[in-house]
Amino acid sequence: MVLKELFGLITGVLISSVVAAQNTVSQKIKTYNKIGNLKVDTSFNKTYLKDFMVPYQEFADLHNCKIKVKSKNIKTTMAARPNFLSLLLGKNNRRYIIVVNKKETFEGVHLKDVPSDARIGLFAHELMHIRDYESRKVTGVMERGVQYLSQKGKKQVEHYTDSLTIAAGFGQYLYHWADYVLHDSDASDDYKQYKSQIYMTPISILTQIEESLLEY
Ligand SMILES: [Zn+2]
């Protein structure tokens, strides 16, 4: 009888410690929805995901890329970057991360405030960063990292990425995004000024859309 009780007690302690351990693990590990090679943090709002899929579905060349969308505290609304370690594993094993800012006190643009059309423009732009990385060898991707260290380099990369977005047929959406950031958002004046220095302005986006139409 004593043995049986002791056995019961040990089993009980074991089970509860395993359950407790699982709880700590599940609190630390993020859960993801998997759509092909795309993994999306479950905290990424369903409406955002619907908007994200609009450009994603169009970019068939990116469907083979392993892309993870997750939220983090960052200094911009969203950013796309390669997973640094995966760069060393060869092109077929590259992984990319698109991070969404979750910092409430951020002075820039919060995704939740962005209208759907503008959000699609931003998502298309982030996906074009990945198309750009994919077109580059490891050294070329590293070069992008170096460019990000200076304002001039950053401007070159972002203007190029905006051009890719327009060429991919998402110019109108990109225009909505740029126009929203500068004219309708609650971002601070400093942030707006920074954005207008680094990215294409709404007017230059429209000009480039017109030029691209003339080429046909
Ligand atoms: Zn960008």
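Remarks
- One residue alone among 105, 76 is surrounded by fewer than 23 Cβ atoms within 10 Å (Cβ to Cβ), under 23 Å from residue 172 (Cβ atoms) and either out of contact with any helix residue (DSSP H, G or I) (no Cβ under 7 Å at 6 or more places or on another chain) or modelled with pLDDT under 95 (or both), and that residue is 76.
- Segment 179-198 - residue that is of a type in the set (S, T, N, Q) and over 13 Å from residue 106 (Cβ atoms) and, of those, surrounded by the most Cβ atoms within 10 Å (Cβ to Cβ): 196
- Residue 132 vs. criteria under 16 Å from the mean Cα position of the chain (by Cα), surrounded by fewer than 18 Cβ atoms within 10 Å (Cβ to Cβ) and within 15 Å of the ligand (Cβ to nearest atom): yes
- Hey, residue 199 more than 21 Å from residue 62 (Cβ to Cβ), at pLDDT 95 or above and touching an Asp or Glu at 6+ places or on another chain (Cβ under 6 Å) or not: yes
- Leading residue by the ranking (nearest to the ligand (Cβ to nearest atom)) among those in segment 91-129 that are among the charged types (D, E, K, R) and under 17 Å from residue 165 (Cβ atoms): 126
- Selection within segment 136-167: residues that are among the basic types (Lys, Arg) and within 16 Å of residue 80 (Cα to Cα). The member of this set that is farthest from the ligand (Cβ to nearest atom) is 136.
- Search result, residues across segment 62-76 that are among the hydrophobic types (A, V, I, L, M, F, W, C) and either within 10 Å of residue 99 (Cα to Cα) or part of a strand (DSSP E or B) (or both): 67, 69, 74
- Considering 216, 175, the condition of being modelled with pLDDT under 95 and either in a helix (DSSP H, G or I) or of a type outside the set (Val, Ile, Thr) (or both) is satisfied by 216 alone.
- Taking the criterion of being part of a helix (DSSP H, G or I), among the hydrophobic types (A, V, I, L, M, F, W, C) and touching a residue at least 24 places away in the same chain (Cβ under 8 Å), the residues of segment 194-213 that qualify are 198, 205, 206, 209.
- Meets criteria (among the small types (Gly, Ala, Ser) and assigned to a loop (DSSP other than H, G, I, E, B)) for residue 121: no
The values are calculated or read from the model by the stated rules, or taken from the named source; none is laboratory data. What you see is a predicted model, and the numbers here were worked out from it, not measured in a lab. For neighbour counting, all protein chains shown are included, and Cβ atoms are generated from backbone atoms with ideal geometry for every residue, glycine included.
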